[in-house]
1. Counting Lys and Arg as +1 and Asp and Glu as -1, each charge on the Cβ, what is the dipole of the chain about the Cα centre in debye, to the nearest 20?
2. Suppose R0 equals 22 Å. What FRET efficiency, 1/(1 + (r/R0)^6) with r the Cβ-Cβ distance, do Tyr74 and Ile25 give to the nearest 0.05?
3. Net charge within 15 Å of Tyr48 by Cβ-Cβ distance, Lys/Arg positive one each and Asp/Glu negative one each, not counting Tyr48 itself?
4. Expressed as a rounded percentage, what relative contact order does the chain have, with Cα pairs under 8 Å and six or more residues apart?
5. Which of the trypsin sites (Lys or Arg not before Pro) found in the stretch 13-60 are in a DSSP loop and have at most 15 neighbouring Cβ atoms, other than their own, within 10 Å?
6. List the residues, sorted by chain then number, that are 5 or more residues from Asn21 or on another chain and whose placed amide H is less than 5 Å from its amide H.
7. What residue among Phe64, Ile119, Leu94 has its Cα farthest toward the positive end of the dipole of the chain, where the charges are +1 on Lys, Arg and -1 on Asp, Glu, each on the Cβ?
8. Local charge sum around Val26 (other residues, Cβ-Cβ under 11 Å, Lys/Arg +1, Asp/Glu -1)?
Amino acid sequence: MTTIRFTVGKTSTGFDAYYENNGSIVAVTTGDTMTELRHNALEAYNLYAVEAGRKAINIENISFEFDLPSFFEYYPVISAKALSARVGINNTLLSQYVTGIKKPSAKQVNRILTEVKAIGKELSEIELA
């Protein structure tokens, strides 16, 4: 079945998320936690689906896409400074991406995401004694 991708943002009270279809935002929701946001996104999408004559989906069909500032706010354990060194991006520039002062190109986002996934893979393979 199709995966429905919501774009997530961090707010002062939690998170918000929206789903776009053909360039129009058709489902919007909020949540205090990511778990609540996922359930609310499912409900928001399925309400849209009923109105649009589409099939309802299950929670497994919801995925989230973060912008860089929201990603670093949700995962504060990841140091932008250390990540910039691994990616090969100037620390000041990555900090500007994180704070939203500058918007990274798709190529830069891909470089950052590739390195974040590599770190995740490395961490998943670690054994501690």
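1. The dipole of the chain has a size of about 540 debye.
2. For R0 = 22 Å, the calculated efficiency reads 0.55.
3. 0
4. So the answer I get is 19 percent.
5. On the way: sites: Arg38, Arg54, Lys55; in loops: Arg54, Lys55.
Counting only loop positions with at most 15 other Cβ atoms within 10 Å, the trypsin sites (Lys or Arg not before Pro) in the stretch 13-60 are Arg54, Lys55.
6. Val26
7. Leu94
8. Details: positive: Arg54; negative: Glu20, Glu51.
Result for the local shell: -1.
No lab work stands behind these numbers, since they all come straight from the coordinates. Everything numeric here is computed off the predicted structure, so don't read it as measured data. All Cβ positions, glycine included, derive from the backbone under ideal geometry; neighbour counts span all protein chains shown.
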